[in-house]
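Peer 1: The structure under discussion is supplied below as structure tokens; questions concerning it will follow.
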Amino acid sequence: MSDPIADLIAAEGLPADYAEVVENHWKPLATRIARMPASRAPLVVGINGAQGSGKSTLCKFLEVLLAKRQIRAVTLSLDDLYLTKAERQQLADEVHPLFATRGVPGTHAIGMGLAILEDMLAGRALTMPRFDKSRDDRAEAGEQVTGPVDVLLLEGWCVGARPQEAEALVEPINDLERDEDPGGLWRGLVNHWLAGDYARLFDQIDLLVMLKVDGFEAVARNRALQEAKLAAANPDAPGLMDATALTRFCAHYERLTRHMLDEMPARADVVIPIGPDQRPTAPTN
């Protein structure tokens, strides 16, 4: 009889000793989720973490671990809620050029996420959108979900983020902001939207889990590994980035990433430090 955990480790191309990570970290987290009192279904678990921190991998293992307890978990990535490339270009043309790049609040169809949660709460069949990063656009086909869902795993780099104080927005944080957003319009709108519909979605979270990297410097390194995987899977994809483009891309995320690393650990329900090898470095609390 096959072991679903071993099968998933193999399918993800992870080393055999990753079973220790599952046993010591992901299994205790799954147990905590399973033991949470459910006043509604689905229970919403937010998984926050900078690019390359292992959010999607964690969610895959949580789905399997919870299934062993007859608990059905479904994952919705904030990435899958990105506006289409055409919609982002329209936003860039009409509001600010930096909104052409996916990532920051304002570049997601948050209303779609709220509608998905509403459908799940009502037990209705629905289609989960999917985003194709290799094309930098929403995939044509989504994923059909039918039947009751017990746990919704909502994962994303800025899941659970809170807006900054207005005075924190005054000074640019990097060259991108200084050169391409000198008046602060872009970062001000990002902050404004984060306090609006994004807050409505994040307020639905019952348990907030943070995969905490050492600092923003780890983001560029981990994101480069993600890009290499995309290139290996589809070397001719039009959405792939070279080193220069990747550096500029990550600069869009810097302000909010640093803000979350500073303030979120004090309020997240679970904080899991992530080391340079993209594995947890301390027991899961």
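Every number here is computed from the coordinates shown, using simple stated rules; none is lab data. Computed from a predicted structure; not experimentally measured. Note that each Cβ is placed from the backbone with ideal geometry, even for glycine, and that neighbours are counted across all protein chains shown.
Peer 1: Please compute, over every Cα-Cα pair in the range 27-129, the percentage with a separation greater than 20 angstrom. Before the final figure, lay out the partial values.
Peer 2: Numbers: 2663 of 5253 pairs.
Taking all Cα-Cα pairs of the range 27-129, the fraction more than 20 Å apart is 51 percent.
Peer 1: Another question about this same structure. Under a Cβ-Cβ cut-off of 14 Å, what is the net charge of the residues other than ARG32 that fall near it, where Lys and Arg count +1 and Asp and Glu count -1? Intermediate values should be presented prior to the final figure.
Peer 2: Details: positive: LYS27, ARG35, ARG69; negative: ASP206, ASP269.
Here the count lands on +1.
Peer 1: So, one more: Quick query: amide H of HIS108 versus all other amide H atoms, modeled in the peptide plane; which residues come in under 5 Å with a sequence gap of 5 or more or a different chain?
Peer 2: It is LEU83, by chain and number.
Peer 1: Tell me, what HN-Hα J-couplings in whole Hz come from the Karplus equation 6.51 cos²θ - 1.76 cosθ + 1.60 at θ = phi - 60° for each residue of the range 6-17, using x for Gly and Pro?
Peer 2: These are the phi-based 3J(HN,Hα) values: 4, 5, 5, 4, 5, 5, 8, x, 8, x, 4, 6 Hz.
Peer 1: Which percent, nearest 5, of DSSP beta bridges in the chain are antiparallel?
Peer 2: Working: 7 of 27 bridges.
Percentage antiparallel, nearest 5: 25.
Peer 1: I want to make sure I understand the PRE zone here: with the label point 7 angstrom from the Cα of GLU94 toward its beta carbon, which residues in the range 59-84 have backbone N atoms less than 20 Å away?
Peer 2: Answer for the range 59-84: 81-84.
Peer 1: Between MET36 and ARG200, what length comes free when the chain is fully extended (0.36 nm per residue of separation minus the Cα-Cα distance, one decimal in nm)? List each step's numbers first, then the result.
Peer 2: On the way: separation 164, 0.36 × 164 = 59.04 nm, distance 2.20 nm.
Contour length minus Cα-Cα distance gives 56.8 nm.
Peer 1: Work out how much length ARG72 to ASN174 would gain on full extension: take 0.36 nm times their residue separation and subtract the Cα-Cα distance, in nm to one decimal. Let's see the in-between values first.
Peer 2: Working: separation 102, 0.36 × 102 = 36.72 nm, distance 4.26 nm.
Net length gain for the segment: 32.5 nm.
Peer 1: Check which residues have an amide H placed less than 5 Å from ASP137's amide H, if you skip close sequence neighbours.
Peer 2: Amide H neighbours of ASP137: ASP132.
Peer 1: When we measure straight from the Cα of LYS85, which aspartates and glutamates land under 17 angstrom away, once same-chain ones fewer than 8 places off are left out?
Peer 2: Straight-distance partners of LYS85: ASP93, GLU94, ASP132, ASP136, ASP137, GLU140.
Peer 1: Among LYS68/LYS212; LYS55/LYS133; LYS27/LYS55, which pairs are too far apart, with a Cα-Cα distance over 18 Å? Each step should come with its number before you reach the end.
Peer 2: On the way: LYS68/LYS212 27 Å; LYS55/LYS133 16 Å; LYS27/LYS55 15 Å.
Check vs 18 Å cut-off fails for LYS68/LYS212.
Peer 1: In the range 11-104, which GluC sites (Glu not before Pro) fall in coil by DSSP and have 15 or fewer other Cβ atoms within 10 Å?
Peer 2: Working: sites: GLU12, GLU20, GLU23, GLU63, GLU87, GLU94; in loops: GLU12.
Listed in order of number, the matching sites are GLU12.
Peer 1: In whole Hz and in residue order, list the ³J(HN,Hα) couplings for the range 266-279 that follow from phi through the Karplus curve 6.51 cos²θ - 1.76 cosθ + 1.60, θ = phi - 60°; x for Gly and Pro.
Peer 2: Residue by residue, the range 266-279 yields 6, 10, 5, 6, 9, 10, 10, x, 10, x, x, 8, 6, 10 Hz.
Peer 1: Please report, in cubic angstrom per residue, the volume enclosed by the convex hull of the alpha-carbon atoms of the range 75-222.
Peer 2: Details: hull volume 19.6 nm³, N = 148.
That works out to 132 Å³ per residue.
Peer 1: Can you work out the Karplus-derived ³J(HN,Hα) for every residue in the range 119-136? Use 6.51 cos²θ - 1.76 cosθ + 1.60 with θ = phi - 60°, whole Hz, and x for glycine or proline.
Peer 2: Each residue of the range 119-136 in turn: 5, 5, 4, 8, x, 8, 5, 8, 10, 7, x, 9, 10, 9, 5, 5, 9, 6 Hz.
Peer 1: A follow-up question, please. Label-point separation (nm) for MET112 and ALA245, each offset 7 Å from Cα along Cα-to-Cβ?
Peer 2: Here the answer is 2.1 nm between the modelled labels.
Peer 1: Same structure, new question: So, counting K/R as plus one and D/E as minus one, what does the shell of residues with Cβ under 13 Å around LEU185 add up to? Walk me through the numbers before you get to the answer.
Peer 2: Details: positive: ARG187; negative: GLU94, GLU177, GLU180, ASP181.
Residues near LEU185 contribute -3 overall.
Peer 1: Now for a different question. Once the other residues with Cβ under 15 Å from the Cβ of VAL95 are scored (Lys, Arg +1; Asp, Glu -1), what is the net sum? Kindly include the intermediate steps, with their values, before the conclusion.
Peer 2: Values: positive: ARG88, ARG102, ARG187; negative: GLU87, ASP93, GLU94, GLU180, ASP181.
Around VAL95, the charge tally is -2.
Peer 1: Do you know the relative contact order of the chain, to the nearest whole percent, from alpha carbon pairs under 8 angstrom that are 6+ apart?
Peer 2: Numbers: 433 pairs, mean separation 72.7, N = 285.
So the answer I get is 26 percent.
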